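The values are calculated or read from the model by the stated rules, or taken from the named source; none is laboratory data. A quick note: this is a predicted structure, and the numbers were derived from the prediction, not measured. All Cβ positions, glycine included, derive from the backbone under ideal geometry; neighbour counts span all protein chains shown. What goes into the accessible areas is simple: the full protein's heavy atoms, side chains included, and nothing from ligands, DNA or RNA. Shrake-Rupley method; radii C 1.70, N 1.55, O 1.52, S 1.80 Å.
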Amino acid sequence: MRVSVPTIITAHGAPKQSISPAAAVDRIADFLAPGKVTLLTGAGVSVASGIRAYRGKDGRYMNPNYQPILYHELTDESTKGFAFRQRYWYEIKSCSQSIRLMLYRLRSYLGYPPVRDALPNTSHYAIAALQFASYIPRLVTQNVDGLHHKAIGHLWEPDHIQQQILELHGTLHRVHCKRGHVVPRDMFQDWLSASNPQWKAFVDNLEKTGQKPRTNPDGDVELEGVSYADFVVPECPQCTLEGQQNSFHKPEVIFFGESIPSRIKDRSFYDVEKSERLFVLGTTLATYSAFRLVKRALELRKPVMLLNVGPTRADGLPGVEKLEISSSLVLRDVVRALLGSRASHDSVIVHLLQSGIHQPPAEDHEIISRNT
Ligand SMILES: [Zn+2]
């Protein structure tokens, strides 16, 4: 089976135009002012939370040798497939959130805690303010880190968040077995720890001593002298209760080569169709599942605005207004411009505008400042 990993094909090679932050704030505020906007986000939005994007400012993969794990490999029933899953759950090197998407790393056993513990950045909170103030009633994210949920989690009930935010490529925070039993990722991590006490001790020691495994610029972590051949992938307890043996588990994310469930696909189109305009943030649109939403909006003659530093697949498409600027430079001011005095009087909005970290991965400063 051959699965091709997408590359960015820019439409008409539109020239890159930079814009001042003040001019960008005006443009974006004008665009969002009528409301009824659907927002589509990508990895660029999470970089300031310390989660790496796959692509640098020129749109190329930051690790040219990167080889993602493919869905058909992960689900292979043979011994080879078993070894693959063993490696997947154990090895930090692991894979990506989705092969169509390739925006950032899916971390496995050792790598999940940093994603679990990541905090929303200033863009996530500015977006939450726009959601709370009803400018952005629908949010479709390609990110699997749950940071949009975290940013608005103290304001909305989980059911309401579920209605307002669509995770196009799934989430890292849940795992399911081959037969569909769902388990929270933290619980699955505990199962892995219980089955692999030697690795639990290794992680505990790292935490105790404040050490971090050396991270390569591409996000992989080097562990010297370790073998994953003895890493135990636990059986699904629910399957065991039902008399089945099943050690196949997969995080609830879409892998390269895997189809997006039709209900998610339909919902993403619905979110675009129900809105009057589409605002796109921090994505190259390299994956078709995201790009087709832009195409759909254009077919319906809905205005599209795109903020990204670096090339995207929609560059130069008629009907797309592209701004080459980082969201972290402008989004809070966009909220202030839209909300006027409410931005300084509404305590919820004030708090959201004061919240958020700005901690891009150390080695990526140059890329982050131009690519969030
Ligand atoms: Zn099961």
Beta carbons within 10 angstrom, averaged per residue: use that to sort the peptides 37-46, 302-311, highest first. 37-46, 302-311
Using the Karplus curve 6.51 cos²θ - 1.76 cosθ + 1.60 with θ = phi - 60°, what ³J(HN,Hα) values do you get for each residue of the stretch 336-344, in whole Hz, with x for Gly and Pro? 4, 5, 6, 8, x, 5, 4, 5, 10
Starting from the residue with the highest accessible area, list Arg313, Arg52, Arg301 in decreasing order, probe 1.4 Å. Arg301, Arg313, Arg52
Distance between Cα centroids, the stretch 15-52 to the stretch 142-205: provide it in whole Å. 27
Using modelled amide H (1.01 Å from N, peptide plane; none on Pro or chain starts), what sits under 5 Å from the amide H of Leu323, excluding residues fewer than 5 places away? Leu306, Leu307, Asn308
Please list, ordered by chain and number, the residues whose modelled amide H lies under 5 Å from the amide H of Arg277; skip anything fewer than 5 residues away on the same chain. Thr38
Phe255's amide H: which non-local residues (gap 5+, or another chain) put their own amide H closer than 5 Å, with H modeled 1.01 Å from N in plane and none for Pro or chain starts? Ile99
Before I look further, what does the stretch 225-355 give for accessible area per residue, probe 1.4 Å, in whole square angstrom? 42
Residue by residue through the stretch 262-275, the couplings from Karplus 6.51 cos²θ - 1.76 cosθ + 1.60 with θ = phi - 60°, in Hz, x for Gly and Pro, are 5, 5, 6, 4, 4, 5, 5, 5, 4, 4, 6, 5, 7, 9
With all protein chains modelled, accessible area of Asp30 [1.4 Å, Å²]: 100
Cα-Cα over 27 Å, subset of Lys265/Lys302; Lys150/Lys274; Lys200/Lys265; Lys150/Lys250; Lys178/Lys200; Lys36/Lys150: Lys200/Lys265
Order of exposure, largest accessible area first, which applies to Phe31, Phe132 with probe 1.4 Å: Phe132, Phe31
When all protein chains stay in place, what accessible area (Å², nearest 10, 1.4 Å probe) is found for Ile19? 50
Ordering Glu321, Glu276 by how much accessible area each has at a 1.4 Å probe, largest first, what is the list? Glu276, Glu321
